[in-house]
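Asks: What follows is a single structure, and I will ask about it in a moment.
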Amino acid sequence: MNDSPTTLDVITGVISHFQNIATNIQQSTQDWLDQVKKDLDEFGKAVAKGMAEYEKAEAEAFDILKRGGWLGMERHFTGPQVRSCLEISDIKGEAAANDAIIKYFAKDNWALLATVSSEWLDVPYLKSREVIVRDSLAAQRAGQFSLTIPALLPLAEGLSAEIMGTLPGRQNVVKALAKSWRAREQEVWTDLYSEVVVHVIYENYDFDKDPAPYLNRNGILHGRVPDYATEANSLRVFLFLDSVVYSWRAKQKKAGS
């Protein structure tokens, strides 16, 4: 009897061999796909955790800016700079974070404020009041903060009135602008702006009974607050007016488009 494999046996063996190879490849591929899925799931969780931590840090940083009354930092600071305020606050306290913000703007004899205020002059309302703007910058550089604050606060009101137009009743145009912006763009910086404007700068308080906020338009312009003229408050008012200018530009851009 011939025990040599037949052609059919050879073919069957070859097929079986390749089937085993295919099975092994399929299993290896499935194992690889399972590992990839596992790695992607773990990566997704890590990214989600990182984003949650990032958003938490950003929210905490903006809370510090809110308590400090620093408006418009989303335009003047990068994300890392905003978060550095949180780091400084965590290590040295919020007063140190506020001092760091002042030093940032005061660098090179308030060069950044000089740039910002010169850009205001493309706004017709402020161009017609150029002397007030330039005198305010000169007073800031001279440390005469009792002059900058009462000079610039009315300009923020006047420009807000131009943006909002005629309002029914006796609404405060600055508050109305803050609330309108917050309703239109529900972001951390619009929440910050609204909170500072409505509940600090334009907070209603009883002159004879309540303590004045650290920066309050009514207390200052009605002569009820003697100690408002600080470097920090003067910078806050510059940034306040700059935020109103930003709103004016946004309205012009929308109208143009």
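The values are calculated or read from the model by the stated rules, or taken from the named source; none is laboratory data. Please read these numbers as outputs of a predicted model, since none were measured by experiment. Methodologically, a virtual Cβ is constructed for each residue, glycine included, from the backbone with ideal geometry; neighbour enumeration extends over all protein chains shown.
Asks: Taking LEU153 and the conditions (1) at pLDDT 95 or above; (2) assigned to a loop (DSSP other than H, G, I, E, B), which numbered condition does it fall short on, given that it satisfies the others?
Replies: Only one criterion in (1) at pLDDT 95 or above; (2) assigned to a loop (DSSP other than H, G, I, E, B) is unmet by LEU153, namely (2).
Asks: Name the single residue, out of those in the stretch 40-73 being modelled with pLDDT of 85 or more and surrounded by fewer than 19 Cβ atoms within 10 Å (Cβ to Cβ), that is farthest from ALA232 (Cα to Cα).
Replies: The qualifying residue farthest from ALA232 (Cα to Cα) is GLU60.
Asks: Among the candidates ILE201, ILE163, which residue alone is in contact with a helix residue (DSSP H, G or I) (Cβ under 7 Å, 6 or more places away or on another chain), crowded, with 16+ Cβ neighbours inside 10 Å and over 29 Å from ARG141 (Cα atoms)?
Replies: The conditions single out ILE163.
Asks: While we're looking at this one, here's another question. Filter the stretch 102-127 down to residues that are of a type in the set (D, E, K, R) and assigned to a helix (DSSP H, G or I) and give me whichever is surrounded by the most Cβ atoms within 10 Å (Cβ to Cβ). It would help to see each step written out before you state the result.
Replies: Pass one, the stretch 102-127, residues of a type in the set (D, E, K, R): 103, 107-108, 119, 122, 127.
From what's left, assigned to a helix (DSSP H, G or I): 103, 107-108, 119, 127.
Working: LYS103: 9, LYS107: 10, ASP108: 7, GLU119: 13, LYS127: 11.
Checked the stretch 102-127; the qualifying residue surrounded by the most Cβ atoms within 10 Å (Cβ to Cβ) is GLU119.
Asks: Continuing with this model, one more query. As an exercise: evaluate TRP189 against (1) assigned to a loop (DSSP other than H, G, I, E, B); (2) surrounded by 15 or more Cβ atoms within 10 Å (Cβ to Cβ); (3) at pLDDT below 90; (4) within 25 Å of the chain's Cα centre (by Cα) and give the number of the one condition it does not meet.
Replies: Of everything listed in (1) assigned to a loop (DSSP other than H, G, I, E, B); (2) surrounded by 15 or more Cβ atoms within 10 Å (Cβ to Cβ); (3) at pLDDT below 90; (4) within 25 Å of the chain's Cα centre (by Cα), TRP189 misses just condition (1).
Asks: Here are some conditions: (1) in a loop (DSSP other than H, G, I, E, B); (2) crowded, with 16+ Cβ neighbours inside 10 Å; (3) among the aromatic types (Phe, Trp, Tyr). PHE207 meets all but one. Which one does it not meet?
Replies: Unmet condition: (2).
Asks: Something else now. Filter the stretch 238-257 for residues that are without any contact (Cβ under 8 Å) to a residue 60 or more places away in the chain and of a type in the set (Gly, Ala, Ser) and give the result.
Replies: ALA250, ALA255, GLY256, SER257
Asks: Can you pull out every residue in the stretch 218-231 that is out of contact with any Phe, Trp or Tyr (no Cβ under 6 Å at 6 or more places or on another chain) and either buried (at least 17 other Cβ atoms within 10 Å of the Cβ) or under 15 Å from LYS175 (Cα atoms) (or both)?
Replies: Passing the criteria: ASN218, GLY219, VAL225, TYR228.
Asks: Would you be able to tell me the number of residues in the stretch 128-149 that are assigned to a helix (DSSP H, G or I), of a type outside the set (S, T, N, Q) and under 20 Å from ILE102 (Cβ atoms)?
Replies: Summing the residues that are assigned to a helix (DSSP H, G or I), of a type outside the set (S, T, N, Q) and under 20 Å from ILE102 (Cβ atoms) in the stretch 128-149 gives 8.
Asks: Return the residues of the stretch 171-186 that are crowded, with 17+ Cβ neighbours inside 10 Å and assigned to a loop (DSSP other than H, G, I, E, B); say none if nothing qualifies.
Replies: If the condition is that a residue be crowded, with 17+ Cβ neighbours inside 10 Å and assigned to a loop (DSSP other than H, G, I, E, B), then ASN172 is the only one that fits.
Asks: Listed residues ILE88, ILE25; which is surrounded by fewer than 12 Cβ atoms within 10 Å (Cβ to Cβ), aliphatic (A, V, I, L, M) and modelled with pLDDT of 70 or more?
Replies: Residue meeting the stated conditions: ILE25.
Asks: Here's a check for you: in the stretch 72-91, which residue that is hydrophobic (A, V, I, L, M, F, W, C) and closer than 12 Å to LEU192 by Cβ is farthest from the chain's Cα centre (by Cα)?
Replies: VAL82
Asks: Residues in the stretch 210-257 that are in a helix (DSSP H, G or I), under 16 Å from PHE145 (Cβ atoms) and among the hydroxyl-bearing types (Ser, Thr, Tyr): how many?
Replies: Going through the stretch 210-257 one residue at a time, the tally reaches 1.
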